[in-house]
Amino acid sequence: MLFVATFTATAQTAQDVAALKAKAERGDANAQCSLGAIYEAGAGVPKDYAQAATWFRKCADQGSGVAQAVLGYLYEKGLGVTQNDSQAMQWYRKAAEQGDAPAQLNLGALYARGTGLPQDYAEAYFWLDLAAVGKLDAANTESAAQNRDRAASYLTPADLSRAQERARKWFDDHAAKMPTQ
C-alpha cells in the first residue's frame, strides 16, 4: 500500500484562488504548495494534476519534504506528469532524507519491488524501518512494519544487523530535525 501525505485543500472562491496564485507566482512556497493541493483535489477549481505537479514542483524545489513526497507520488502514478519511476524515486528520496515518513514508506516499497532502481532488501528494510516509527496513520504504520519484516526475511543476519544499525544511527543523527507533519 502506497501512501503520501498531502496538503489540505479547502474549497476556495475564485478571488481566493487568484490571490493565492499571485503569492505563489512571487515565490511563496506555502502558497505554491497550497495551490498544488487545490488543483490536486479540485477544491474550487477543476481538478488538474498537471497544474498540481507544476505548483508542487516549485514548492519542492524550495525544499518542502511533503511537496517532494507528493511529487514523487505524481511521478510514480503518472498523474499530471509522464510516469517515471526514476523521478519518483529521486523525489521520494529527497523527502525521505528530511524525515518524511510517507516518502520513506514509498521509497522502501520501491526498493523492495525493484521499481525504478535495483531491488535492494537492505535499503528497503532501512527506509521501511524509519517509516514504521514515523508519523503515519495506523494502517500505514502496520504496512511499513509488515513490509520491513518481509524485507528482513531476505537478509542475512549480518546484513540485517547492518541495516538496523544504520537506522539507529539515522535516528540519532536526525532526532532533532524530524518534521512535525
Q: Would you mind checking the radius of gyration and Dmax of the stretch 56-119 based on alpha-carbon positions, in Å?
A: 10.5, 30
Q. For the chain, list the DSSP H helices whose alpha carbon atoms reach 15 Å or more along the long axis and whose average Kyte-Doolittle value is -1.0 or above?
A. 14-25, 29-41, 49-61, 65-77, 101-113, 121-132
**Q.** Most fluctuating residue given options A31, A139, A95, as computed from a GNM of the chain linking Cα atoms under 10 Å
**A.** A139
Q. Which percent of the accessible area of the stretch 44-106 is formed by carbon and sulfur heavy atoms (probe 1.4 angstrom)?
A. 43 percent
Q. Over 26 Å between Cα atoms, which of K94/K135; K47/K77; K58/K94; K58/K169; K77/K169; K21/K135 qualify?
A. K58/K169; K77/K169; K21/K135
Q: May I ask for the equivalent-ellipsoid semi-axes of the chain, computed as the square root of five times each C-alpha gyration tensor eigenvalue and listed largest first in whole Å?
A: 32, 16, 13
**Q.** Amide H partners (placed H, <5 Å) of Y154, local residues excluded
**A.** none
Q. With every protein chain present, what is the per residue accessible area of the stretch 22-181 (1.4 Å probe, Å²)?
A. 46 Å²
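The values are calculated or read from the model by the stated rules, or taken from the named source; none is laboratory data. Everything numeric here is computed off the predicted structure, so don't read it as measured data. SASA here: full protein model, heavy atoms, side chains in, ligands and nucleic acids out. Shrake-Rupley method; radii C 1.70, N 1.55, O 1.52, S 1.80 Å.
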